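Heads up, the thing below is written out as structure tokens.
The values are calculated or read from the model by the stated rules, or taken from the named source; none is laboratory data. Predicted model, so just to flag it, every value in this text is computed and none were measured. So basically every Cβ, Gly included, is an ideal-geometry build from the backbone, and we count neighbours across all protein chains shown. For accessibility, only protein heavy atoms count, side chains too; no ligands or nucleic acids. Shrake-Rupley method; radii C 1.70, N 1.55, O 1.52, S 1.80 Å.
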Amino acid sequence: MHSARPIPLCLPPFDDPPPWSFRLLGEHEARHESLGDGTSLRTLEGARSTLTSIRVPDAQRMDGRSFQDATAAAYDRIRASLDRRHDRHLVRMWNFIPGILEPIDAFPQRYMAFNAGRFAALGVSTDGCTRSGGPVPTSSGVGSEGPDLVIHALSCDVPGLPVENRRQVPSYRYSARFGPRPPCFARGTRLAWPSAGDILLLVGGTASVVGEETAHAGNPGAQIDETLSNLSALLRDGLPGVGESSAPRAPLGFFRFLRIYYLGEDIRPVAERTVAARFGGVHEVEYIPATLCRPDLLVEIEGVACLRPLSDLGASH
């Protein structure tokens, strides 16, 4: 049953995907593989979804080219793992990048080297399709606490529909100012989940970016407000029925699960007050301190939105 007060969570380890992704799995089988270069692959396979995770050890010690190649290889291995199940469609990814803002050889930031490797693996075109012909998945990318590169991929037996935010340039069309290759992710993915009896909107890491520019550098309150404007715009376009159903409440009230990354402990109280005031339908919230993908970003918010007040994604209704 829905609780009026969201449950605050901060669950270790830092580089795990959020709890709702495991709920989609339900009962599942786990497989672990140790690959030849020390990379480890974990597959959690449920009846209708699969969570594939890869860990590349000591990636922070790699030079720029090696890190780029290791990122591409990690994505290729995830794709190869998914190819074993032709009924699985990639819908959501989480990337934990060591030393995300550190310069690395010719790259001003390691995140740019990561994006170059991801682009090489996915081959995303300007219309948002990957080399394999499928849509680019929704993603988040933040700094990792440790030296490893950790990537998680959620795939389902129903395809997702990518959703973009009209207030922002699609990431795969960013200018070269943000690196020789652009980031490759959709702002959100619309997913039909029959056991939930509704449409879910999986929302990727969203921050204070308008067009492709950071807004309100150095002002955490204004950045949070801008982030909420981006989230509201995405929900209005991406979640069917929000425009008609939300007359008495804002689109943010349709979020059920949230993960908030923040830079600096002084920002968390601001984020907590915002959640209490603006996210009236949320069940669970994670607050995670992290370095974000731009040095002038202070907050990033991701989550799952749905029209119905679900208490458990895996529950029958």
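In plain terms, if you count all Cα to Cα distances in the range 94-237 and split them into 10 Å steps from zero, the share in each step is 11, 37, 38, 12, 1 percent. Counting only whole DSSP H helices of the chain, the ones at least 27 Å long by C-alpha along their axis and with mean Kyte-Doolittle hydropathy no lower than -1.0 are 64-83.
May I ask you to give the percent of accessible area on the chain that is carbon plus sulfur, with a probe radius of 1.4 Å?
Exposed carbon and sulfur together represent 53 percent of the surface.
Return a whole-number percent for the relative contact order of the chain, with Cα pairs under 8 Å and 6 or more residues apart as the contact set. Rounded, it is 20 percent for the chain. In the chain, helical runs assigned H by DSSP with n ≥ 4 each contribute -39500 (n - 2.57); averaged across all residues and rounded to the nearest 500, the mean residue ellipticity at 222 nm is -7500 deg cm²/dmol. For the chain, a Gaussian network of Cα nodes joined below 10 Å ranks Thr206, Thr39, Thr50 by mean-square fluctuation, and the top entry is Thr39. Taking amide H positions as modeled 1.01 Å from N, with prolines and chain starts lacking one, the residues under 5 Å from Thr291 and 5 or more places away or on another chain are Gly143. Mean-square fluctuations from a GNM of the chain, with a 10 angstrom spring cutoff on Cα atoms, peak among Ile267, Ile151, Ile97 at Ile267.
Solvent exposure of the chain, expressed per residue, is 40 Å² of accessible area, with all protein chains present and a 1.4 angstrom probe. Label separation (Asn219 vs Arg308): 4.1 nm, computed from points 7 Å beyond Cα along the C-beta direction.
Going by the alpha-carbon gyration tensor, a ≥ b ≥ c the square roots of its eigenvalues, is the range 153-307 rounded (a/c under 1.5) or, if a/c is not under 1.5, prolate (a/b greater than b/c) versus oblate? Because a/c hits 1.5 or more and a/b fails to exceed b/c, the range 153-307 counts as oblate.
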